Amino acid sequence: MKLHSFFNSSTSYRVRIALAIKGLPYEYVPVDIRKLAHRTPEFIDLNPSANVPLLEDGEVRLGQSLAIIDYLDAAYPGVKLIPADPALRARVLEVSYAISCDIHPVNNLRILRYLVNDLGVSDEAKNGWYAHWIAEGLAAVERLLERHGSGPYCFGEAPSLADCCLVPQVANAMRMKCDVSAFPRVMAVYRHCEGQPAFQKAAPSAQPDYA
Ligand SMILES: N[C@@H](CCC(=O)N[C@@H](CS)C(=O)NCC(=O)O)C(=O)O
């Protein structure tokens, strides 16, 4: 298996966590999105979505982090990150989508670049934009976890897709110096995961392209 990844990409980080929890070995292929390596014709040919991550598993070539994790869950035995129970599965997806659909897209690199390069937004205003959508988005996740969450992970004693999404998003928020003090439940999950070997193995600083 090959994972095309960038160390600081939160969507790549989601998949790295899933692979580590499942104990699946893979070859790491660095893609420097800061240098637009994901916009070359060669890379777009590999991944029509023109972003990272991209997984190659034999004949299967797949983009979109949530689709990749769903594939890994279905294709490989062992730990399941998306529960089978319909209600719990929906809860896990609810938090995962709150992060991956509501927070991540508006703060993605190409959006921030467009704000600055095309709309002439200052760095200060761009950082304000970032912090605003983190605050809005994590407040929603906090409310969801308060209402439905339990245990050291988002949902109980075992990690799920929701934790694979939460940890990278919080790590990015902290890297961007956003105030996360209003989200105690989110932060308790983050701190718990931070102590787990699979999450440590997947962390940006543990990747070969970390710089
Ligand atoms: N929905 C996609 C988003 C993938 C994505 O946009 N990845 C970011 C890195 S976290 C990227 O490649 N950004 C490049 C850009 O914005 O130009 C997923 O979950 O995989």
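Of the residues 179, 163, 118, 123, which is farther than 19 Å from residue 51 by Cβ and without any contact (Cβ under 8 Å) to a residue 12 or more places away in the chain?
123
Is one or more of the residues making up the range 198-205 touching a Phe, Trp or Tyr at 6+ places or on another chain (Cβ under 6 Å) and farther than 17 Å from residue 100 by Cβ?
Looking for residues that are touching a Phe, Trp or Tyr at 6+ places or on another chain (Cβ under 6 Å) and farther than 17 Å from residue 100 by Cβ, one finds at least one in the range 198-205, hence yes.
Can you give me the number of residues within the range 190-201 that are touching a Leu at 6+ places or on another chain (Cβ under 9 Å) and within 28 Å of residue 126 (Cα to Cα)?
The qualifying residues number 1.
Could you grab me the full set of residues in the range 110-163 that are in contact with a His (Cβ under 8 Å, 6 or more places away or on another chain) and of a type in the set (Phe, Trp, Tyr)?
Matches in the range 110-163: 153, 155.
Would you please name the residue that is nearest to the ligand (Cβ to nearest atom), looking only at residues in the range 102-122 that are part of a helix (DSSP H, G or I) and open to solvent by 60 Å² or more (accessible area, probe 1.4 Å)?
110
If you check residue 29 against the conditions, is it within 15 Å of the ligand (Cβ to nearest atom) and assigned to a strand (DSSP E or B)?
Here the answer is yes, as residue 29 does meet what is asked.
How many residues does the range 158-184 contain that are among the polar types (S, T, N, Q) and under 18 Å from residue 107 (Cα atoms)?
Residues that pass the stated criteria total 2.
Which members of the range 33-66 meet the condition of being assigned to a loop (DSSP other than H, G, I, E, B) and more than 17 Å from the chain's Cα centre (by Cα)?
36, 40, 47, 48, 58, 59
Identify the single condition in (1) small (Gly, Ala, Ser); (2) part of a loop (DSSP other than H, G, I, E, B); (3) open to solvent by 40 Å² or more (accessible area, probe 1.4 Å) that residue 90 does not satisfy, given that it satisfies every other one.
(2)
Within the range 188-209, take every residue that is out of contact with any Lys or Arg (no Cβ under 8 Å at 6 or more places or on another chain) and among the polar types (S, T, N, Q) and give me the one that is nearest to residue 146 (Cα to Cα).
So the residue we want is 196.
Return yes when residue 55 is modelled with pLDDT of 95 or more and over 23 Å from residue 190 (Cα atoms) and no when it is not.
yes
So which residues in the range 72-87 are of a type in the set (Gly, Ala, Ser) and in a loop (DSSP other than H, G, I, E, B), if there are any at all?
78, 84
Is there a residue being on the phi < 0 side of the Ramachandran plot, open to solvent by 50 Å² or more (accessible area, probe 1.4 Å) and in a helix (DSSP H, G or I) anywhere in the range 155-170?
No: zero hits.
The values are calculated or read from the model by the stated rules, or taken from the named source; none is laboratory data. Given the structure is predicted, the values throughout are model-derived calculations rather than measurements. Cβ coordinates were reconstructed from backbone atoms using ideal geometry, including for glycine residues, and neighbour counts include every protein chain displayed. Just the protein is used for accessible areas: all its heavy atoms, side chains included, with ligands, DNA and RNA removed. Shrake-Rupley method; radii C 1.70, N 1.55, O 1.52, S 1.80 Å.
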